[in-house]
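Quick note: the coordinates plus some simple rules give every number you see, no bench work behind them. Predicted model, so just to flag it, every value in this text is computed and none were measured. Because the Cβ atoms are built from the backbone with ideal geometry, glycine has one as well, and the counts that use them run over all protein chains shown.
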Amino acid sequence: MNSAAPNTDREYAYLSITGYGDHKEISQALELEPSRAWNIGEDRPRGGKYTCTKWRLDSGLKDTESMDKHIDALLVGLESRREALRKLYPDWTASIQCVGYYPSSQHGHHLSKENIQTAAHLGLEFDFDLYFVGEDEHG
C-alpha cells in the first residue's frame, strides 16, 4: 500500500479478524469477500507457515488519506453488519488495525468519542502500529 512519495506521512486502516478456523466462515457470516485472507498452517510467501487464520478488509482508500478517513470508512461500512460481527466472538478477534509511517518522531493520533463508541457497539478493538522512518526508508 505504498502510494505516497518517500518521506511523507502514509496511513491506512483495515478490519482484521483473527482466530483458528477457516476464513471462509467469516466471509459467509459477514457476506463480504476479504481483501486478503489465509488459514492457519498455509504457507507464508516468505517461508514458514501462518500461525493463525486472518481475514482482512481494507478501507478502500489510498494511504495518502488520513487515518481518520480510513477508520470512518470502515466503521460506516460495517455498521450494517453489527450482529454478524458480534456473533463472531469469542471464536474470532476483530479489530481495526491502524498503520502509519511517518518521517518524524513527532506524531500522535486522537480517536474521536464517536469512533470509540461505534467500534465498541460493533465489538471491535483498535490496534496501532506506528513507524518512524528515515529519509532512506519507505516502510
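Taking other Cβ atoms within 10 Å as a rough exposure proxy, Trp55, Trp92 sort from fewest to most as Trp92, Trp55. Relative to the dominant Cα principal axis of the chain, helix 67-78 is inclined by about 20°. Within the chain, the longest run free of GluC sites (Glu not before Pro) that sit in a DSSP loop with at most 10 other Cβ atoms within 10 Å is 32-134. Each Lys or Arg adds one and each Asp or Glu takes one away; over the other residues whose Cβ falls under 9 Å from the Cβ of Thr64, this sums to -2. Entry note, the chain: the mean residue ellipticity at 222 nm calculated from DSSP H runs of n ≥ 4, each adding -39500 (n - 2.57), is -7500 deg cm²/dmol after division by the residues and rounding to the nearest 500. Total lysine pairs in the chain at Cα distances under 18 Å, for residues eight or more apart or on different chains: 4.
Among Ser59, Ser27, a tally of other beta-carbon atoms within 10 Å of each Cβ gives an order, fewest to most, of Ser27, Ser59. When Rg and Dmax are taken over the Cα atoms of the chain, they come to 15.8, 45 Å.
Seen against the Cα atoms of the chain and their longest principal axis, helix 113-122 is set at about 30 degrees.
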